[in-house]
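What follows draws every value from the coordinates through simple rules; no lab data is involved. Computed from a prediction, not measured in an experiment: that's the story for all the values here. Backbone-built Cβ (ideal geometry, glycine too); neighbour counts: all protein chains shown.
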Amino acid sequence: MACPSHTSPVFSTATRRRVVDWAVKELMKLSPDGIVVMGQSGIILGALLSDRLNIPLVVVRKQGEPTQAGGQVEQEVNWVSEGEPITRWVFVDDCIHSGMTIERASEKAHEHNAVATKYPIHILLYRDMRPSYTYRFPASVEVTVSGNFFSIEEL
């Protein structure tokens, strides 16, 4: 299975630093002008990467996800940086299991004009055991994926 765990590495300080350092190096090779993440767990890494690379962050919220106020998500897309839609964007997540998360994030970010193109230039995964492969969207668009498997460092 390519997705053995969820987001536990981002909650370990030492591992989170390793993930961010690796992701920054990977993203600097691509020169993206924005990052798209999904859900509350994506905000942790997305905000750190956006800050380190000085590029906009788009957060696509999961329907039904609880809000801090105890309600339900109403706004599906939070575009942290205002301005023109992002053209060269990267999707960052823990892993791809069924593909529904990346496809929904791409669709919603494009639908809300946060990104100019429906598909990312790259997908970056921090809990995937495959170092590199191609993901095919239903529209037969292929996007390269870079993966790395970060386990939780013991304290």
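Side notes on the structure shown:
- Fully extending the segment from residue 113 to residue 139 would add 7.4 nm, taking 0.36 nm per residue of separation and subtracting the current Cα-Cα distance.
- By the rule of a C-alpha distance below 29 Å, with chain neighbours fewer than 8 residues away ignored, the lysines paired with residue 29 are 108, 118.
- In this simple spin-label approximation, residue 54 and residue 17 carry label points 7 Å from Cα along the Cα→Cβ vector, and these lie 2.4 nm apart.
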